[in-house]
1. Do the conditions hold for residue 62, that is, is it in a loop (DSSP other than H, G, I, E, B) and on the phi < 0 side of the Ramachandran plot?
2. Acidic (Asp, Glu), surrounded by fewer than 18 Cβ atoms within 10 Å (Cβ to Cβ), out of contact with any His (no Cβ under 8 Å at 6 or more places or on another chain) and part of a helix (DSSP H, G or I) - does that describe any residue in the stretch 409-429?
3. Kindly state which helices (runs of 4 or more DSSP H) lie completely within the stretch 295-384 and contain at least 1 residues that are within 17 Å of the chain's Cα centre (by Cα).
4. Would it be correct to say that residue 123 is of a type in the set (Ser, Thr, Tyr), without any contact (Cβ under 8 Å) to a residue 60 or more places away in the chain and in a helix (DSSP H, G or I)?
5. Consider residue 240 carefully, then state whether it is within 10 Å of the ligand (Cβ to nearest atom) and within 16 Å of residue 98 (Cα to Cα).
6. Find all pairs meeting these conditions: Cβ atoms under 8 angstrom apart; at least six residues apart or on different chains; first residue within the stretch 60-77 and more than 19 Å from residue 21 (Cβ to Cβ); second residue of a type in the set (Phe, Trp, Tyr).
7. Could you grab the pairs with beta carbons closer than 8 Å, sequence gap of 6+ or different chains, first residue in the stretch 371-393 and within 30 Å of residue 343 (Cα to Cα), second one among the β-branched types (Val, Ile, Thr) and not in a helix (DSSP H, G or I)?
8. Could you identify the single residue in 17, 75 that is in contact with a strand residue (DSSP E or B) (Cβ under 6 Å, 6 or more places away or on another chain), at pLDDT below 95 and more than 12 Å from the ligand (Cβ to nearest atom)?
Amino acid sequence: MPNKTVRVRFAPSPTGPLHMGGVRTALYNYLFAKKHNGTFIIRIEDTDQTRFVEGAQDYIMDAMNWCGIMPSEGPGIGGEFGPYVQSERKEMYKPYAEKLIANEKAYYAFDTAEELDAMREQSKQMGMPNWQYNSVTRASLRNSITLPQSEVAQLLLDGTPYVIRMKMPRNVDIRFHDIIRGWVVVNTNNLDDKVLFKSDGMPTYHLANIVDDHTMEISHVIRGEEWLPSAPLHVMLYEAFGWECPLFAHLPLLLKPDGNGKLSKRDGDRLGFPVFPTNWTTAEGELYSGYREKGYHPGAFINMLALLGWNPGTTQELFNLDELVEAFSLERVSKSGAKFDPDKTLWFQQQYLRSQSDESLAEELKILLPSITQNNNELSIICGLMKERATFVKDIHTDGHYLFERPSEIDQESISKKWKDNTSSLLLGWESKLSQLEAFDASTIEKEFKSYLEENAVGIGAVLLPFRLVVTGVGAGPGMFDISAYLGQKEVVERMQIGLEIIQKQLNEK
Ligand code: GLU
């Protein structure tokens, strides 16, 4: 149980649509906040203007809304710590960078891009391909550590472009505790002097992230594993400012279904499942499919995502959002990557559909297919009949089309396999029994059916499938007595007559 007020943030960069890994990060932040009566915040990290993608921020907000995990502070939502978009906080960062310079924790660097490229090239030729601006190389570069103070002052006065870099100390072990990974130790000799403030007047991700997490009073930083290498620098920055460091939790990667590497945006449509919560069309018109448009229910999507990297410590797999909040803990998030399983994802959707009431499925179906003429009561019965066999709401209509209208054809293959010499006459007899029934509920029909079989000394197979074929046109579906009760006596008898006529004609033609 955290002993400080929980304030967590999801901090996406608007560089494109939110990948399902990003949704999982948002979800874990949400669950953690709710579990501890804390606050869940969204902050848009758009300091890298070159990677900005139009529409991405709206996409992110819309996707989170669909998932039912809306933050309580953020752009368009409000909150005491705004603005929540970094480009709108631009003016705030420079004084912090200057404070670091004043404390000799950072420095101005005047080297041009060409000069740095030349250094890299030279180093490569000497057999060292990974040249870095660091505590060793900075001693021979153009910066406020090497240049005389008067020259630095003049360069700044002249408006010479510069960046501000972190002054990494030499040979210091940085230690921090990650809730998921335990103790992490990194020696500063392995770290470079990262740029904190760019020549375009914008902070880099690192500086803005730390200043914002501090000023927004973030208690826990819950984010993807890809940010773990940046964490030592972040810890150094907190120390350099003299601020208390938030607690860290770096989430495991989402892996491809075969476990080979990170699940990427291209994998989805290649392997036949979405990797985005909702559809996304690029500026070039390329469409990436989303779970929403494929027909997934957000509850099923969230349930599946929650279990990719976290487990409740029990065998329970089906959770609604409130149950996830109740069960969630960062301590049960695993260190190792989580393999995405498309079949399991379908299973969650199936289970979700089954758990819905017939009435709410009927409502969803009506919204999906407004031209349906059945009333609410009829639709609820149809949904009840079909939901065990459907994965998506639309399947209820596609697979159960004969419950909505008469079948336009009868499955030929089943007829040729199942039609025996006595089939038609057995069906005729059954039709006449059915037409004389006084009550037409499923159990009456079933009782009558059994006695009809006995009277004729035949097994179920001789009548049930042919009966199904003439009434529904297909060889499989929900129980025939339930279907019959739903369709009603008149409809069933008429369908049998029409079906028998068609089949008879076909058999005569042979
Ligand atoms: N802006 C980073 C991203 O795009 C956020 C990293 C963090 O949460 O600190 O994922």
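The values are calculated or read from the model by the stated rules, or taken from the named source; none is laboratory data. These numbers come from a predicted model, not from an experiment. Don't worry about glycine lacking a Cβ; one is built from the backbone with ideal geometry, like all the others, and counts go over all protein chains shown.
1. Numbers: in a loop (DSSP other than H, G, I, E, B): no; on the phi < 0 side of the Ramachandran plot: yes.
No; evaluated as a whole, the condition is false for this residue.
2. Checked the stretch 409-429: at least one residue is acidic (Asp, Glu), surrounded by fewer than 18 Cβ atoms within 10 Å (Cβ to Cβ), out of contact with any His (no Cβ under 8 Å at 6 or more places or on another chain) and part of a helix (DSSP H, G or I).
3. Numbers: elements: 298-306, 321-327, 342-355, 358-368.
Result: 298-306, 321-327, 342-355.
4. Numbers: of a type in the set (Ser, Thr, Tyr): yes; without any contact (Cβ under 8 Å) to a residue 60 or more places away in the chain: yes; in a helix (DSSP H, G or I): yes.
Here the answer is yes, as residue 123 does meet what is asked.
5. Spelling it out, it is not the case that residue 240 is within 10 Å of the ligand (Cβ to nearest atom) and within 16 Å of residue 98 (Cα to Cα).
6. Pairs found: 72/40; 73/40; 73/81; 73/84; 74/84; 75/84; 77/84.
7. 379/372
8. 17
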